[in-house]
1. Let me confirm something: among P148, P95, which residue is touching a strand residue (DSSP E or B) at 6+ places or on another chain (Cβ under 8 Å), closer than 24 Å to L244 by Cβ and either modelled with pLDDT of 95 or more or outside any helix (DSSP H, G or I) (or both)?
2. What are the pairs with Cβ atoms under 6 angstrom where one residue, in the stretch 98-109, is in contact (Cβ under 8 Å) with a residue 24 or more places away in the chain and the other, located anywhere, is crowded, with 16+ Cβ neighbours inside 10 Å and assigned to a helix (DSSP H, G or I)? Sequence gap at least six, or different chains.
3. Taking G89 and the conditions (1) small (G, A, S); (2) over 30 Å from L219 (Cβ atoms); (3) in a helix (DSSP H, G or I), which numbered condition does it fall short on, given that it satisfies the others?
4. Suppose we filter E287, E237, E245, E265 for residues that are under 15 Å from the mean Cα position of the chain (by Cα), among the charged types (D, E, K, R) and over 16 Å from A203 (Cβ atoms); which single one remains?
5. Out of the residues in the stretch 268-284 that are under 14 Å from G59 (Cα atoms) and within 18 Å of the chain's Cα centre (by Cα), which is surrounded by the fewest Cβ atoms within 10 Å (Cβ to Cβ)?
6. Among the residues of the stretch 282-296, what is the count of those that are out of contact with any strand residue (DSSP E or B) (no Cβ under 6 Å at 6 or more places or on another chain) and on the phi < 0 side of the Ramachandran plot?
7. Out of A243, A249, which single residue is within 19 Å of I298 (Cα to Cα) and exposed (fewer than 14 other Cβ atoms within 10 Å of the Cβ)?
Amino acid sequence: MQDDCQTSGTILLVRPAAFGFHAEAAESNAFAAASDEPDAAARAVAEFDGVARALEAAGVRCLVLDDRPEPVRPDAVFPNNWVSFHGDGTMIVYPMANAARRLERRLDVLLPLIEANKLAPGAIIDLSPLEAEGAFLEGTGSLILDRPRARAFACRSPRTSAAGVQAFEAATGWTVELFDAADRHGRQIYHTNVMLSLGTGFALVCAEAIADADRARVLAALGAEREIIAVGFNQMERFACNALELRGADGPVIALSATALDSLEPGQRAALLRFGRLVPVAIPTIERVGGGSVRCMIAEVFLPGR
């Protein structure tokens, strides 16, 4: 399995049909806040459409899969947790920690969407049977892929197990830098992509979240080929690291939320701007209720064309 570049100009998005607070998922996600707001689902759809419009305006090709109201999938807007796409046509399906979220895996509608857009899927690596063994690995939430180097970074959590990482390595031939990371209160960070983002030339990382025993090793690996842009706990809590470099019509763009952009200091913004145009979008409901931000909403599509 090989990816020649770090960024894609095509992405998969899922328009939510039953967005809402998911109590089971929130047990391991400190970013999600309980809510009974009656209009949260409608606001999430409007925020989703704003993301799609902004990225399409930047020249990113958006493949949109519409969720269905039944069965209820409150986290369907985060497809990167269950599938990843690769340059040789490989698709990987991942084991998810929460049983209700496994309903989000919809290859029956995803494959026709891909083929209708003249893309050529190849082999499917299905890691989902690991769920029966209590082993989990939630896609590019758990794994931050350094695609050209066939390696990844992952922090352990209830959603990212060592057994899941080992199965990924065995299936793909990639290597994974596994480490521990926690928030300012000592809670395990639920997904690596809220504390680390890799672009072609940068690593946006909350270094102080990485365990003391692992920090030097991880930062050395990150900094060997990229410029490290470090953020603090308060910025990580505002989704500063939940950003994603994509390939736009006029060059690289970096998608992130308005909340994340507002948290960055001038020097950090200037550093990011050296690597691409910033495309901020306001998604406060998705962030507050769903506990995820812009990067969580995007599954990059690297499949070859037909």
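1. Answer to the check: P95.
2. These pairs meet every condition: N98/A25.
3. For G89, the exception is condition (3).
4. Going through E287, E237, E245, E265 in turn, just one is under 15 Å from the mean Cα position of the chain (by Cα), among the charged types (D, E, K, R) and over 16 Å from A203 (Cβ atoms): E287.
5. L278
6. 10
7. From the options A243, A249, the qualifying one is A249.
The values are calculated or read from the model by the stated rules, or taken from the named source; none is laboratory data. Model, not experiment: these values are computed from the prediction. Every residue, glycine as well, gets a Cβ built from its backbone with ideal geometry; the counts of neighbours run over all protein chains shown.
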